[in-house]
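A short worksheet on the structure shown next.
The values are calculated or read from the model by the stated rules, or taken from the named source; none is laboratory data. These numbers come from a predicted model, not from an experiment. Here Cβ is always computed from backbone atoms with ideal geometry, including for glycine, and neighbour counts include all displayed protein chains. With ligands, DNA and RNA removed, areas are computed over all heavy atoms of the protein, side chains included. Shrake-Rupley method; radii C 1.70, N 1.55, O 1.52, S 1.80 Å.
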Amino acid sequence: MSVTPQDPSQGTVRLTVGQALVRFLAAQYSERDGIRERLIPGVFGIFGHGNVAGLGQALLQNAIDPADGEGQMPFYQARNEQNMVHTAVAYARTKNRMQTFACTASIGPGSTNMVTGAALATVDRIPVLLLPSDIFATRTVDPVLQQLEDETAGDVSVNDAFRPVSRYFDRISRPEQLIPAALQAMRVLTDPAETGAVTLSLPQDVQAEAFDWPREFFRERTWHVARAVPEPAALDRAAQVIRSAKKPVLIAGGGVIYAEASEALAAFTDATGIPVLDTQAGKGALSAGHPLCIGGVGATGNNAANELAAGADVVIGVGTRYTDFTTASHTAFRNPGVRFVNLNVKAFDAAKHSATMVVTDARAGLEALAAALEGWTAPAEHGEHAQQLRAEWEELVKPCFEPHDQELPAQTEIFGALNELMGDEDIVINAAGSMPGDLQALWKARSPIQYHLEYGYSCMGYELPASLGAKMARPDSEVVAIIGDGTFQMAPQEIATIVAERMKVILVILQNHGWSSIGALSESRGSQRFGTKYRMRNQDSGLLDGEKLPFDIPANIRSYGIEVEEVSDTAAFREAYRRAETRDQATAIVVNTDLYGPNPPGNSWWDVPVAAVSTLESTRQARTEYEQSLEPQRHYL
Ligand SMILES: Cc1ncc(C[n+]2csc(CCOP(=O)(O)OP(=O)(O)O)c2C)c(N)n1
Ligand SMILES: [Mg+2]
């Protein structure tokens, strides 16, 4: 951190905690590679008791009567607190974690609505500043409306639920506590190894309380986002392992993208000939156009990447945390002697799979590793084999993009069209349903910005508010959210915010009257798609297997005041997309798709345990298959 020179006007200024926090946040900057930007360019919020007269009053004062030199802190009104955290996260991710929003919520449910968003941010390692409101610090009026009382501990409130899902948490029970807490909060937000949800819980009386703040608290501060360089000895150890490899692969995770290390990765690949596989967060780190970009690895990966993973003797994980989708639930790497070399800013991740650890920024690490490997390349036939496998996979998936003999298109046809229609710098967003798997297997990301898949928390409802955040971060990009009909029903509200903020996004809703994803999972695990379709309760069977619901998604979207088109084939989708591009307002395209896919072929596996005993034949059969599938599962030691 660096600060502007000492403010000549020493002394103190009397402000509420809310006013002080707004003034402080407006003076915080991030910097990396010489690029300096406001760390917190605005605040999302929904008011209620707790923040309406605290932070709310402070934001009003900032908007209409700011102090001399006070930075602007624009306010954005959301419709649902969980959504506003998603919006902030998508913004921060699109900005490669250099900027994010603050989110203020009222006490009780307004605040706990943010807990899911906090978990998502922390799982995905994306900075977001959460400002839930809390019960009275004085406790005079307890229990205040919406207070959960803990009869064994007077200092517990529902906001303690933020602790396990935040990278930093503090409750500001006295005004002066804000000073160290706010500084620590900024440190965590801008530390690539620590970042995630940062929560300052603000009791409603404290938000409105006045205090004489030292003026220095409000000086401009620049938080320098570190590019950790590898320790030379660790680098040597890594290079030694890699030099011994005959069939190495590199797995590119989200850390490569956040560190803006794509050029370094391409240079590393060119120099070493090591094929690159990608995770959901890392897709696009190496352009799909690169001959050694083999694509998605793991449970929803492609056969080429998975065959390479299975045979690899050395796996270089860069900026990845190896989720079970990446490792195919610990079945992806089958070479008995496989060894791992992990480059990560977080020692926790670098250490996974008994790896040779290199704690480093991805860009700095790849550059240093390329230098340490100078003169060495992977055997040429390994790279040729990788390219041949990729060519075979591309041949195999061609039918995914062509019409089938069924009435409605498979969603893969729509994805193929979108992949062609979207520009390299446009952004496709998705998080949950059957779509992430198909996209991971099929999408060709031509830039590090194009593919925005939230698959750490895979949270239904992320997509729509995320489109708002991504668009705010990159107004010149076309931003397309792909939203399942189940997901849409979970969180459609932020269309109102998209309209209010005049943000031109394109919402592609895939209507298949149910959960294609969980339906297929259920069937494959012997549970017969139970409870995974949207159907009326059947009065004869007593089950949810009656007729389709009358719920009209296009009409529902239209009621928000945006254009909606409904299509049922890929040609019509292409035309609708072209029209959407030319509009200057948000558009929704509702695509009727086939609930039963087909989905891309794939030879991988994901561990979802099946009932060990059952009266149902379907479950017993699935259990037998499950037990066989477990066989290759192993620890990497
Ligand atoms: C908030 C949340 N709740 C539940 C789930 C579990 N889940 C994953 S996908 C899915 C169904 C998604 O349905 P839809 O959006 O229609 O997509 P489809 O499966 O039809 O592609 C569910 C319930 C989740 N990922 N997130
Ligand atoms: Mg669906």
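Taken over the range 419-441, the criterion of being touching a Phe, Trp or Tyr at 6+ places or on another chain (Cβ under 7 Å) and away from ligand 1 (no atom under 12 Å from the Cβ) is satisfied by ASN419, LEU421, VAL428. Against the conditions (1) open to solvent by 40 Å² or more (accessible area, probe 1.4 Å); (2) assigned to a helix (DSSP H, G or I), LYS247 satisfies every one except (2).
Residue-by-condition table, conditions (1) surrounded by fewer than 19 Cβ atoms within 10 Å (Cβ to Cβ); (2) hydrophobic (A, V, I, L, M, F, W, C); (3) on the phi < 0 side of the Ramachandran plot:
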site	(1), (2), (3)
SER568	yes, no, yes
ILE589	no, yes, yes
PRO600	no, no, yes
LEU616	yes, yes, yes
THR624	yes, no, yes
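One residue alone among ILE274, ILE257 is open to solvent by less than 20 Å² (accessible area, probe 1.4 Å), touching a helix residue (DSSP H, G or I) at 6+ places or on another chain (Cβ under 8 Å) and on the phi < 0 side of the Ramachandran plot, and that residue is ILE274.
Pairs, please: C-beta under 8 Å, at least 6 apart or cross-chain, first residue free of Cβ contacts under 8 Å to residues at least 12 places away in the same chain and of a type outside the set (D, E, K, R) and in the range 513-537, second buried (at least 20 other Cβ atoms within 10 Å of the Cβ) and assigned to a loop (DSSP other than H, G, I, E, B)? Note: pairs meeting the criteria are SER522/THR532. Of everything listed in (1) within 23 Å of ALA271 (Cα to Cα); (2) touching a Ser or Thr at 6+ places or on another chain (Cβ under 6 Å), the single unmet condition for GLN387 is (2). Has the range 132-140 got at least one residue that is open to solvent by less than 30 Å² (accessible area, probe 1.4 Å), aromatic (Phe, Trp, Tyr) and touching a strand residue (DSSP E or B) at 6+ places or on another chain (Cβ under 8 Å)? No, the range 132-140 has no match at all. Restricting attention to the range 340-356, the residues that are free of Cβ contacts under 8 Å to residues at least 12 places away in the same chain and open to solvent by less than 20 Å² (accessible area, probe 1.4 Å) total 1.
Screening the range 427-449 for residues that are open to solvent by less than 20 Å² (accessible area, probe 1.4 Å), more than 15 Å from ligand 2 (Cβ to nearest atom) and in a loop (DSSP other than H, G, I, E, B) and picking the one that is farthest from ILE294 (Cα to Cα) gives SER447.
In the range 455-484, how many are of a type outside the set (Val, Ile, Thr), away from ligand 2 (no atom under 16 Å from the Cβ) and either part of a strand (DSSP E or B) or open to solvent by less than 40 Å² (accessible area, probe 1.4 Å) (or both)?
12
Residues in the range 492-523 that are open to solvent by less than 10 Å² (accessible area, probe 1.4 Å), of a type in the set (A, V, I, L, M, F, W, C) and either within 16 Å of ligand 2 (Cβ to nearest atom) or at pLDDT below 95 (or both): LEU507, VAL508, ILE509, LEU510. Of the residues making up the range 323-339, those that are in contact (Cβ under 8 Å) with a residue 40 or more places away in the chain and surrounded by 23 or more Cβ atoms within 10 Å (Cβ to Cβ) are PHE325, THR326, ALA328, THR331, ALA332, PHE333. Considering (1) part of a loop (DSSP other than H, G, I, E, B); (2) of a type outside the set (S, T, N, Q); (3) farther than 26 Å from ALA432 by Cα; (4) without any contact (Cβ under 8 Å) to a residue 12 or more places away in the chain, the lone condition that ASP584 does not fulfil carries the number (4). In the set (1) without any contact (Cβ under 8 Å) to a residue 40 or more places away in the chain; (2) of a type outside the set (A, V, I, L, M, F, W, C); (3) buried (at least 23 other Cβ atoms within 10 Å of the Cβ), THR300 fails one condition alone, (1). Restricting ALA285, ALA328 to residues that are of a type outside the set (Asp, Glu), in contact with a Gly (Cβ under 9 Å, 6 or more places away or on another chain), within 26 Å of MET98 (Cβ to Cβ) and assigned to a loop (DSSP other than H, G, I, E, B) narrows the list to ALA285.
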